[in-house]
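Undergrad: Got a structure here, written out as structure tokens. Questions coming.
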Amino acid sequence: MLPTMRVIVFASQKGGSGKTTLSGHLAVQAERSGAGPVALIDTDPQGSLAKWWNVREANEPAFIQSVFSNLFHDLDHARNEGFRLVIIDTPPAITRAISEVVSFADLVVLPTRPSPHDMRAVGPTVDIVEARKKQMVFVVNAATARARITSEAAVALSQHGTVAPTIINHRVDFAASMIDGRTVMESNPKGKSAQEIEELWTYLEDRLFRTEAVNAGWTGDRDALDVAPQMNALGRKAQAFGKRVLQ
Ligand SMILES: Nc1ncnc2c1ncn2[C@@H]1O[C@H](COP(=O)(O)OP(=O)(O)O)[C@@H](O)[C@H]1O
Ligand SMILES: [Mg+2]
């Protein structure tokens, strides 16, 4: 039997909020932490994530060439290929196509910069996620450490849904590492940025895990599940094999 494949969709109407940066980083981190094999899909016509992946030397995560209209089949193909996690990056838009991508998600991540413009723009994306009845997490991205607006943003977002407890700060290495197809975990593994991504992934994986438990009708506490490692939605102990799908 094939392992369960999970799908995380990064979505937000606002351009520049960090969808592409965090898609790439979390895919690499998921693979590093044993949640793979992981595949990335870029549904943004600008293709920033695809371009990043094309200059990347490492084999993992894999990349699936896809378009909106073929997503259903491509995800099915990924499942048959044994991928256990697919991360989908989306364009900054509110369209029917985005809503359809969200319909495939086990978890939707909505990156938001702590700025008034970004905060005001979350509504339509949240509406799409709610209409599709999907689990959603806000990630405060590109924050200035200790700035008051960062905590204010987290509080304001919490009125609309769950906010990831790990805030990703604004650091040049997030952009710089991606120039040659890498991530901060690869350019500066001991740095603060790498630590934030590790923490964020641990949190998101836990959300996926809970989603799985809720879907299975389980209502107890998480510790009870820890004694049954096969319940982990992403089976962290399994080895990644880094297979690529090129279509
Ligand atoms: N945490 C961060 N620190 C510094 N720069 C960031 C951070 N997150 C994103 N950026 C930069 O901001 C810009 C927009 O990010 P991107 O991930 O492309 O957003 P989106 O995909 O939502 O449009 C890029 O130049 C990226 O390098
Ligand atoms: Mg983008």
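Undergrad: Hey, among the residues in the stretch 46-63 that are within 16 Å of ligand 2 (Cβ to nearest atom) and polar (S, T, N, Q), which one's farthest from residue 84 (Cα to Cα)?
TA: 46
Undergrad: For the stretch 152-193, what are the residues that are of a type in the set (A, V, I, L, M) and within 12 Å of ligand 1 (Cβ to nearest atom)?
TA: Residues satisfying the conditions are 167, 168, 172, 175, 176, 178, 179, 184.
Undergrad: Looking at the stretch 61-83, which of its residues are free of Cβ contacts under 8 Å to residues at least 12 places away in the same chain and not small (Gly, Ala, Ser)?
TA: Listed by number, the residues that qualify are 70, 73, 76.
Undergrad: While we're here: Within the stretch 40-54, track down each residue that is outside any helix (DSSP H, G or I) and closer than 21 Å to residue 180 by Cβ. Don't jump to the end; show me each part of the working.
TA: Quick first cut of the stretch 40-54, residues outside any helix (DSSP H, G or I) only: 40-47.
Listed by number, the residues that qualify are 40, 42, 44, 46, 47.
Undergrad: Considering only residues of the stretch 155-187 that are of a type in the set (Ser, Thr, Tyr) and over 16 Å from the mean Cα position of the chain (by Cα), which is farthest from ligand 2 (Cβ to nearest atom)?
TA: So the residue we want is 158.
Undergrad: Going by the conditions given, is residue 215 within 27 Å of residue 7 (Cβ to Cβ), crowded, with 18+ Cβ neighbours inside 10 Å and modelled with pLDDT under 95?
TA: no
Undergrad: Another question, if that's okay. Return the residues of the stretch 49-60 that are surrounded by 16 or more Cβ atoms within 10 Å (Cβ to Cβ) and without any contact (Cβ under 8 Å) to a residue 40 or more places away in the chain; say none if nothing qualifies.
TA: Hit for the stretch 49-60 is 50, nothing else.
Undergrad: Would you check if residue 30 is closer than 19 Å to residue 198 by Cα and in a helix (DSSP H, G or I)?
TA: yes
Undergrad: Counting residues that are crowded, with 18+ Cβ neighbours inside 10 Å, which helices (runs of 4 or more DSSP H) fully inside the stretch 82-183 reach at least 3? Full working, then the answer.
TA: On the way: elements: 96-103, 116-120, 122-131, 148-158, 172-179.
Result: 96-103, 122-131, 148-158, 172-179.
Undergrad: Is there any pair with a first residue in the stretch 84-97 that is in contact (Cβ under 8 Å) with a residue 24 or more places away in the chain and a second that is in a helix (DSSP H, G or I) and among the aromatic types (Phe, Trp, Tyr) whose Cβ atoms are under 7 Å apart and which are 6 or more apart or on different chains, and what are they?
TA: 97/68
Undergrad: State all residues of the stretch 1-27 that are away from ligand 2 (no atom under 13 Å from the Cβ), touching a helix residue (DSSP H, G or I) at 6+ places or on another chain (Cβ under 8 Å) and in a helix (DSSP H, G or I); if no residue qualifies, say none.
TA: The one that is away from ligand 2 (no atom under 13 Å from the Cβ), touching a helix residue (DSSP H, G or I) at 6+ places or on another chain (Cβ under 8 Å) and in a helix (DSSP H, G or I): 26.
The values are calculated or read from the model by the stated rules, or taken from the named source; none is laboratory data. Just so it is clear, the structure is predicted and the values come from calculations on it, not from any experiment. When we count neighbours, we look across all protein chains shown, and the Cβ atoms used for this are built from the backbone with ideal geometry, even at glycine.
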